[in-house]
């Protein structure tokens, strides 16, 4: 698995890049620190997988904002929620809130397939991530959110 991009801090420490650094405790910088801590606390393949997915989300949608919701769920948003990154004992689950409306030509969605709105990708320890396919799903989710955020043009 690939390592997430990092930037140097004082005293040689590193942290994954964030779009903004703000003192607001509800900012994406604060959420990013909480996600950093989650990755470190997991200390196993789940942390590595979450870090890898996070880096891919940032590559696919650099404008995405990191959030920390529902008492400990990493969330990436751009014009609305793109996906969540939940960690369980045997799986890292990426849930796309509007996944049913996104084309998935590579068949990454393998969970929550029965719903009319959400779709998820369950990543297990031995799974390899199709990086290009995942980035395509992230871009599609961002595009769907942004299209929904645009006001409808009147025909006059």
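Regarding region 137-154, can at least one residue be identified that is assigned to a loop (DSSP other than H, G, I, E, B) and at pLDDT 95 or above? Give the steps one after another, and end with the answer.
Looking only at region 137-154, we keep the residues that are assigned to a loop (DSSP other than H, G, I, E, B), and these are 150-154.
Now narrow it down to the ones that are at pLDDT 95 or above: none.
No: zero hits.
Here the condition is being more than 13 Å from residue 135 (Cβ to Cβ) and crowded, with 21+ Cβ neighbours inside 10 Å; of 91, 75, it holds for 75 alone. Residue 148 meets all of the listed conditions (1) surrounded by fewer than 20 Cβ atoms within 10 Å (Cβ to Cβ); (2) in contact with a strand residue (DSSP E or B) (Cβ under 8 Å, 6 or more places away or on another chain); (3) in contact (Cβ under 8 Å) with a residue 60 or more places away in the chain but one, namely (2).
In region 111-126, which residue that is without any contact (Cβ under 8 Å) to a residue 60 or more places away in the chain and within 21 Å of residue 47 (Cβ to Cβ) is surrounded by the most Cβ atoms within 10 Å (Cβ to Cβ)? Step through it out loud before you land on a result.
So the first thing to find is which residues in region 111-126 are without any contact (Cβ under 8 Å) to a residue 60 or more places away in the chain, and the list is 111-122, 124, 126.
Next, from what is left, pick out any that are within 21 Å of residue 47 (Cβ to Cβ): 111, 120-122, 124, 126.
Details: 111: 17, 120: 21, 121: 26, 122: 17, 124: 12, 126: 6.
Checking each candidate, the answer is 121.
Go through region 43-60 and report how many residues are under 12 Å from residue 83 (Cα atoms) and touching a residue at least 60 places away in the same chain (Cβ under 8 Å). So the count comes out to 2.
If you scan region 78-119, which residues turn out to be closer than 19 Å to residue 51 by Cβ and out of contact with any helix residue (DSSP H, G or I) (no Cβ under 6 Å at 6 or more places or on another chain)? If the condition is that a residue be closer than 19 Å to residue 51 by Cβ and out of contact with any helix residue (DSSP H, G or I) (no Cβ under 6 Å at 6 or more places or on another chain), then 83, 84, 86, 88, 89, 90, 91, 93, 94, 95 are the ones that fit.
The values are calculated or read from the model by the stated rules, or taken from the named source; none is laboratory data. What you see is a predicted model; the values in this text were computed from it and never measured. Heads up, the Cβs are rebuilt from the backbone with ideal geometry, glycines too, and the neighbour counts pull from every protein chain shown.
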